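Quick notes on the structure that follows.
The values are calculated or read from the model by the stated rules, or taken from the named source; none is laboratory data. These numbers come from a predicted model, not from an experiment. Cβ atoms come from the backbone with ideal geometry, glycine included; neighbour counts cover every protein chain shown.
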């Protein structure tokens, strides 16, 4: 009896796995989920604040959001106007300075993309993404 | 044994028939926009396969660069429609994955995540796009490597510096690769130049920046922020 129950459970489990396996095989090249930001590339608001003048804040949100409000001293750099804004950012960057990119919230991926391009294309070291983004900054400001 | 087979068949039937009312043709779309395209548009088609109307409660996108539109707020039974996701490419490069989160009042499928993947062609790979010298550093040339994509053959590159303080020399190294040697006249003051890189016969312009920084250009190793737990 016990063996029969175990057999049934196994058969049912195998059946339930089939659609998942099928989808994984069919879509193996089609879906590319973005991996989360490694913890070493994230910085909290509290930690970032301790860096003071040794850090440059980069606002990766759309220019309209930046115009509405931003972290004091932050520079706007987004991928909509990358070629126009990048020289403005590079004009204030100097070796040894840390870079903190932020977008609206934890769920947004703009800051991660901007940080990645600064690391990969401009080959800048010490580029971080603000944990929780602009929302986290606002919460800590209160 | 008969009972077991019946139980198994019943579970399979229940699994097959228990489906969401709003049925999506596909929840993931991959787009390959052309180099000159400004937008990539994905059409996520659906049909209300249930017997009750389904109402959209919210449609959110993962990025301000993507806009999503529903054709209607409520979908009557049997009716078809689509959610249009428009991704503004801007000056983005490479593979971009954006999501659209759809919330409905369909209890069987309250939240659906639609994925829009846009593979933006990279015509030229420029590494690095930024070269710099510290003040007082020897004004030796620094090299920028340019690689043309296989389906974007480039015979010649035209590179111009926005400032006469920097000189740029282009050399073809073969196999669709180029070497740009950038050299400042002096490094005593803080100056910068935008290098305009244009493949011959292409309207597209690429950029790189050269600069004399205020601080010395000592190599720095990436350091994780102190006090973090990994």
Discussion item. Which of the numbered conditions does residue B:57 fail, given that it passes all the others? Conditions: (1) part of a loop (DSSP other than H, G, I, E, B); (2) at pLDDT 90 or above.
Written reply: (1)
Worksheet entry | Residue satisfying condition, being without any contact (Cβ under 8 Å) to a residue 60 or more places away in the chain and touching a strand residue (DSSP E or B) at 6+ places or on another chain (Cβ under 9 Å), within set B:167, B:135 | B:167
Fill in: Residue, surrounded by the most Cβ atoms within 10 Å (Cβ to Cβ), within the stretch A:74-90, restricted to residues that are touching a strand residue (DSSP E or B) at 6+ places or on another chain (Cβ under 6 Å) and assigned to a loop (DSSP other than H, G, I, E, B)
A:77
Fill in: residue A:64 being surrounded by fewer than 12 Cβ atoms within 10 Å (Cβ to Cβ), more than 8 Å from chain B (Cβ to nearest Cβ) and at pLDDT 90 or above
yes
Practice prompt. Could you check residue A:79 against (1) in contact with a helix residue (DSSP H, G or I) (Cβ under 9 Å, 6 or more places away or on another chain); (2) at pLDDT 95 or above; (3) facing chain B (nearest Cβ under 7 Å) and say which number it fails?
Written response: (2)
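Can you spot a residue in the stretch B:18-41 that is part of a helix (DSSP H, G or I), more than 14 Å from the chain's Cα centre (by Cα) and at pLDDT below 65? Spell out how you get there, then give the answer.
We begin by selecting, within the stretch B:18-41, every residue part of a helix (DSSP H, G or I); these are none.
Among the residues of the stretch B:18-41, not one is part of a helix (DSSP H, G or I), more than 14 Å from the chain's Cα centre (by Cα) and at pLDDT below 65, which makes the answer no.
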Fill in: So residue A:138, is it within 19 Å of residue A:51 (Cα to Cα) and either touching a strand residue (DSSP E or B) at 6+ places or on another chain (Cβ under 6 Å) or surrounded by 18 or more Cβ atoms within 10 Å (Cβ to Cβ) (or both)
no
Discussion item. Looking at (1) within 13 Å of another protein chain (Cβ to nearest Cβ); (2) at pLDDT 60 or above, which one does residue B:1 not meet, given that it meets all the others?
Written reply: (2)
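Quick check on this structure: which one of A:101, A:105, A:111, A:136 is touching a helix residue (DSSP H, G or I) at 6+ places or on another chain (Cβ under 8 Å), closer than 27 Å to residue B:135 by Cα and either more than 10 Å from every other protein chain (Cβ to nearest Cβ) or not in a helix (DSSP H, G or I) (or both)? Break it down into steps so the answer makes sense when it comes.
On the way: A:105 fails: closer than 27 Å to residue B:135 by Cα; A:111 fails: closer than 27 Å to residue B:135 by Cα; A:136 fails: closer than 27 Å to residue B:135 by Cα.
One residue alone meets the criteria, A:101.
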